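Here, each number is a calculation from the coordinates, and none is a lab measurement. It should be emphasised that the depicted structure is a prediction, and the values quoted were computed from it without experimental measurement. Neighbour counts are summed over all protein chains in view; Cβ atoms, including those assigned to glycine, are modelled from backbone coordinates with ideal geometry.
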Amino acid sequence: MNLLQWLQSKIVLMAVAIILISSVTTFFYYQMGELQQEELETRARKLSRIITDMYGSDVDEMSQRVTFSQRDEGIYLDPQVSGDSYTIEINSDFLILRQDGMDAIEMFGPKVHLWEPCELNHTGRLPSSEREWRDETSPNIEMRAGENDLRLTMLNLYDGERYENHIFVTEVPSN
């Protein structure tokens, strides 16, 4: 009988150890997921800020490149979060970074345009009806970070009533 009690106590101790180890492991993976989500949200905020900060410029024209390669010129963003790549989706109101079932969404203040500004007639005029039509017919940008770069162009355009800064975001091949 003594041997049976000893064996039962060892089995109970092993069961407790397994439960404890699995709890600690689950907590660890949960924390890693939270850190990864936080890093993805930070990256989304940074990209959104890069885009919307152009509105504060006091020049009539400005262009920047967001690159995912350190050897290219432009504003560098790491193409990976926690060692894994992520996708970028940009529409005129917000951007979404996605990775492994996680989303990080950042809203833009003023809308951005997702079409080439070179399609304008270079008069500095952009009637609101044409702008709205181009915005409605332009597809969202969907790309994997590191495959291409983003070109950001700010133009001060006249809409028939006043001059206003407009940001154009387009996907361009990496150098």
Q. Where is the GNM fluctuation largest for the chain (alpha-carbon springs, 10 angstrom cutoff): I90, I75, I21?
A. I21
Q | Distance cut-off 20 Å, percentage of C-alpha pairs in the chain lying past it | A | 61
Q. In what sequence do R162, R65 fall when counting other Cβ within 10 Å, fewest first?
A. R162, R65
Q: Could you let me know the centre-to-centre spacing of the stretch 6-48 and the stretch 139-175, using Cα atoms, in angstrom?
A: 41
Q: Treat each spin label as a single point 7 Å out from the Cα along the C-beta direction, and report the N2 to Y76 distance in nm.
A: 7.1
**Q.** Cut-off 18 Å (backbone N to label point 7 Å along Cα→Cβ of W133), residues of the stretch 157-173
**A.** 158-161
Q: For M143 and S23, compute 0.36 nm times the residue count separating them, minus their Cα-Cα distance, and round to one decimal in nm.
A: 39.5 nm
Q: Name the long-range amide H neighbours of S57: under 5 Å, sequence gap of 5 or more, or other chain; modelled H, no Pro or chain starts.
A: none
Q: Tally the DSSP beta bridges in the stretch 2-173 and give the antiparallel ones as a percent, rounded to 5.
A: 85
Q) For labels at M14 and D53 in the simple 7 Å Cα→Cβ model, what's the distance in nm? A) 5.9
Q. Tell me, what ³J(HN,Hα) does each residue in the stretch 41-51 have, in order and in whole Hz, if you take phi through Karplus 6.51 cos²θ - 1.76 cosθ + 1.60 with θ = phi - 60° and put x for Gly and Pro?
A. 5, 5, 5, 5, 4, 5, 5, 4, 5, 4, 5
